[in-house]
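Values quoted throughout were computed directly from the atomic coordinates according to the rules given, and no laboratory measurement underlies them. Everything quoted here is computed from the prediction, not taken from an experiment. With ideal geometry, Cβ positions are generated from the backbone for all residues, glycine too; neighbour counts draw on all protein chains shown.
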Amino acid sequence: MDEVQDKVRSLWVPLREMNLLLPNVAVAEIGSYRAPEVQADMPEWFLGMVKWREQRIPVISLEAMCGLSVPSNPVFSRLMIVNSVCPGSAIKHYAVVTAGLPGLIQFGDDTADEVVAYDDDALQCIVRIGQEEAVIPDLTYLQNLLEQQLDKVA
């Protein structure tokens, strides 16, 4: 029983160039892809805004943020709505473009075969499980970066 308590219910999320690993509680919803309304003078990783539950939320490409290419073809893409991790933030949710539906995984200290630090502010590390690997993002960094970008255009 203690072994189960040491695990975090997580989502293994496919992106185009990599996988993402997030705690299940960080995700509000996975929805169909909708083309974001492009905002002027934004970095490539900031794809625009979409309407979700009667509010406009920013859409980002985590891959573009890490310097990888952003596919122009959104076939099979989804929008993963991420909950705010910063209390009091004006941003309550934002969306990350995924390449499909995530899978559930019970993740704990003993789950990964290897954990490697990642040299990017947006990502904390890479975890390897067997032949698969995923990145764990720094959600606080992502949200603060989004707030800075939205403040510039406000």
* Note down the magnitude of the dipole of segment 1-64 about its Cα centre, charges +1 on Lys and Arg C-beta and -1 on Asp and Glu C-beta and zero elsewhere, to the nearest 20 debye. => 280
* Asked: How much length, in nm to one decimal, is gained on full extension between Val153 and Gln131, taken as 0.36 nm per residue of separation minus their Cα-Cα distance?
  -> 3.7 nm
* To do: Mind pulling the angle between the C-alpha long axis of helix 139-153 and the longest principal axis of the chain? Nearest 10 degrees, somewhere in 0 to 90.
  => 0
* Structure fact -> Two pseudo-spin positions, 7 Å from Cα along C-beta at Asn144 and at Leu104, lie apart in nanometres by 3.4
* To do: Name the residue farthest towards the positive end of the dipole of the chain from the options Val96, Val115, Thr140, assuming +1 on Cβ of Lys and Arg, -1 on Cβ of Asp and Glu, about the Cα centre.
  => Val96
* Looking at segment 27-154 from every direction and averaging, what is the projected area of its Cα convex hull in nm²? -> 8.8
* Structure fact -> Between the modelled labels at Lys7 and Lys51 (7 Å from Cα along Cα→Cβ) the distance in nm is 4.1
* Asked: How many angstrom separate the Cα center of segment 12-57 from the Cα center of segment 99-154?
  -> 14
* Asked: Counting other Cβ atoms within 10 Å, which GluC sites (Glu not before Pro) in segment 53-154 have at most 12 and lie in a DSSP loop?
  -> Glu54
* Asked: When the dipole is taken about the Cα centre of the chain, and only Lys, Arg (+1) and Asp, Glu (-1) are charged at their Cβ, what size is it in debye, to the nearest 20?
  -> 880
* Whole-number percent relative contact order across the chain, with pairs defined as alpha carbons under 8 Å at least 6 apart -> 26
